[in-house]
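Everything below concerns the one structure shown next.
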Amino acid sequence: MGSEGIMKDVTKQGKATVLALGKAFPHQLVMQEYLVDGYFRDTNCDNPELKAKLARLCKTTTVKTRYVVMSEDILKKYPELAVEGTSTIKQRLEICNEAVTQMAIEASRACIKKWGGSLSGITHLVYVSSSEARLPGGDLYLAKGLGLSPETQRIMLYFAGCSGGVAGLRVAKDIAENNPGSRVLLATSETTIIGFKPPSLDRPYDLVGVALFGDGAGAIMIGSNPILETERPLFELHTAVQEFLPNTEKKIDGRLTEEGISFRLARELPQIIEDNVEGFCDKLMGVVGFQNKEYNKLFWAVHPGGPAILNHIEKRLDLLPDKLDASRRALMDYGNASSNTIVYVLEYMIEERLKNIKNDQEDHEWGLILAFGPGITFEGILARNLCA
């Protein structure tokens, strides 16, 4: 399907829709039950206190498996990555820039295949990553790797963290709705190598990241006025909102240093999200007439930053136990893969909806897509489920 086919019947520009999803992962699969021994072996550390702490964290994160770029071959080639206090930013970026591009290409190809259109039909590219830094950016390398036209309009979102996937959806929605006939490819790609460090008593919080985060890529095709003969819309992106909470800049604190990315999440982060999530969701719900407290009449696609955040949201909104199943499944299977994870959540949402339809179970047309990132920034989209 070329661009000439997409340009038909655009006199009335509709809401942006999700037309296809795709994902990709590195080859290293990590089982949570083996992570502790492997991590301490790879970093040549044998501190019983830190080892016991990581073992506890691995149980509380609810993660079972995730994928990582890090491998024995990489550590053999770059042993300095496991040495405390070593300047390794050059080496990390050398690994990360190549890895995130390759994963983004694979996820995008999977998405394009499901969409069913041609490369010539892609008019815009939005690329999201907190795992690379270079000029030109990864958006250009992704476009080149896919074979997109040099006229494809590109935008790059750097270091948006866990909210990056939904932020990318918001940007893609704006592009699709303001450029008749456009088809926007959103790609996200992340690897934890940018922040990989040996365990340290001076940095006990780093173990949270070791127990929680994973690598991978995601891709979404977005466009308005879908051509129903050839395209299959999955979600309508009705209304998008971004909001930051004043004076919370240090609650998610990340810095690019000589040793890679160093970050710290405040202990009170889940509580801060709980205290503010209700008002934020009410704004989005009110757009289509939902009343306050009608949260269980919606579906919920929430970026799973961690089990504590999901638990706090569930508690504050008094959600039924199954409402966050897709988020919990994504966390269990892939860990927190930063900006990518919302793609995995949406895939599980589609799977659950089709199962409900097949079993004649109750299903909901409207729902919220949510993520929380540095700022603290809330990203939210009121969405309509179009799966059938």
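Confirm whether Val128 is under 15 Å from the mean Cα position of the chain (by Cα), part of a helix (DSSP H, G or I) and either buried (at least 17 other Cβ atoms within 10 Å of the Cβ) or among the acidic types (Asp, Glu) (or both). Write out each step before concluding.
On the way: under 15 Å from the mean Cα position of the chain (by Cα): yes; part of a helix (DSSP H, G or I): no; either buried (at least 17 other Cβ atoms within 10 Å of the Cβ) or among the acidic types (Asp, Glu) (or both): yes.
It is false that Val128 is under 15 Å from the mean Cα position of the chain (by Cα), part of a helix (DSSP H, G or I) and either buried (at least 17 other Cβ atoms within 10 Å of the Cβ) or among the acidic types (Asp, Glu) (or both).
For Leu185, are the conditions met, namely being assigned to a strand (DSSP E or B), touching a residue at least 24 places away in the same chain (Cβ under 8 Å) and under 30 Å from Ala383 (Cα atoms)?
Working: assigned to a strand (DSSP E or B): yes; touching a residue at least 24 places away in the same chain (Cβ under 8 Å): yes; under 30 Å from Ala383 (Cα atoms): yes.
Considered against the rule, which asks whether it is assigned to a strand (DSSP E or B), touching a residue at least 24 places away in the same chain (Cβ under 8 Å) and under 30 Å from Ala383 (Cα atoms), Leu185 comes out as yes.
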Legend entry - the stretch 112-136, residues that are closer than 14 Å to Leu148 by Cα, touching a strand residue (DSSP E or B) at 6+ places or on another chain (Cβ under 8 Å) and not hydroxyl-bearing (Ser, Thr, Tyr): Ile112, Gly117, Ile122, His124, Leu125, Val126
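Matching residues to (1) of a type in the set (A, V, I, L, M); (2) at pLDDT below 95; (3) within 30 Å of Ala219 (Cα to Cα); (4) not in a strand (DSSP E or B):
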site	(1), (2), (3), (4)
Val10	yes, yes, yes, yes
Leu19	yes, no, yes, no
Val36	yes, no, no, yes
Asn44	no, yes, no, yes
Arg56	no, no, no, yes
Thr62	no, no, yes, yes
Tyr67	no, no, yes, no
Inset, instruction - Go through (1) surrounded by fewer than 16 Cβ atoms within 10 Å (Cβ to Cβ); (2) assigned to a loop (DSSP other than H, G, I, E, B); (3) not basic (Lys, Arg) one by one and return the number of the condition Leu29 breaks. - result: (2)
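Here is a list: Phe290, Phe280, Phe299, Phe244. Which entry is surrounded by fewer than 16 Cβ atoms within 10 Å (Cβ to Cβ) and of a type in the set (Phe, Trp, Tyr)?
Numbers: Phe290 fails: surrounded by fewer than 16 Cβ atoms within 10 Å (Cβ to Cβ); Phe280 fails: surrounded by fewer than 16 Cβ atoms within 10 Å (Cβ to Cβ); Phe299 fails: surrounded by fewer than 16 Cβ atoms within 10 Å (Cβ to Cβ).
Checking each option against the conditions leaves just Phe244.
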Legend entry - Residue ID - nearest to Pro199 (Cα to Cα), chosen from residues in the stretch 73-101 that are part of a helix (DSSP H, G or I), touching a residue at least 24 places away in the same chain (Cβ under 8 Å) and not hydrophobic (A, V, I, L, M, F, W, C): Arg92
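Limited to the stretch 43-56, what total is found for residues that are within 28 Å of the chain's Cα centre (by Cα) and crowded, with 17+ Cβ neighbours inside 10 Å? Can you show your working first?
Of the stretch 43-56, the ones within 28 Å of the chain's Cα centre (by Cα) are 43, 53-56.
Subsequent filtering for residues that are crowded, with 17+ Cβ neighbours inside 10 Å retains 43, 53-54.
Residues meeting the conditions: 3.
Considering only the stretch 127-167, how many residues are closer than 26 Å to Phe378 by Cα and touching a helix residue (DSSP H, G or I) at 6+ places or on another chain (Cβ under 7 Å)? Quick ask: steps written out before the conclusion?
The initial filter retains those residues of the stretch 127-167 that are closer than 26 Å to Phe378 by Cα, namely 127-133, 137-139, 154-167.
With the extra rule that they be touching a helix residue (DSSP H, G or I) at 6+ places or on another chain (Cβ under 7 Å), the set shrinks to 127-133, 138, 154-157, 160-162, 164-166.
Final tally of qualifying residues: 18.
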Inset, instruction - From Leu185, Leu207, grab the single residue that is buried (at least 20 other Cβ atoms within 10 Å of the Cβ) and within 20 Å of Leu75 (Cα to Cα). - result: Leu207
Inset, instruction - Check the stretch 133-152 and report whether any residue there is surrounded by fewer than 24 Cβ atoms within 10 Å (Cβ to Cβ), farther than 16 Å from His303 by Cα, among the aromatic types (Phe, Trp, Tyr) and modelled with pLDDT under 95. - result: no
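The values are calculated or read from the model by the stated rules, or taken from the named source; none is laboratory data. Just so it is clear, the structure is predicted and the values come from calculations on it, not from any experiment. With ideal geometry, Cβ positions are generated from the backbone for all residues, glycine too; neighbour counts draw on all protein chains shown.
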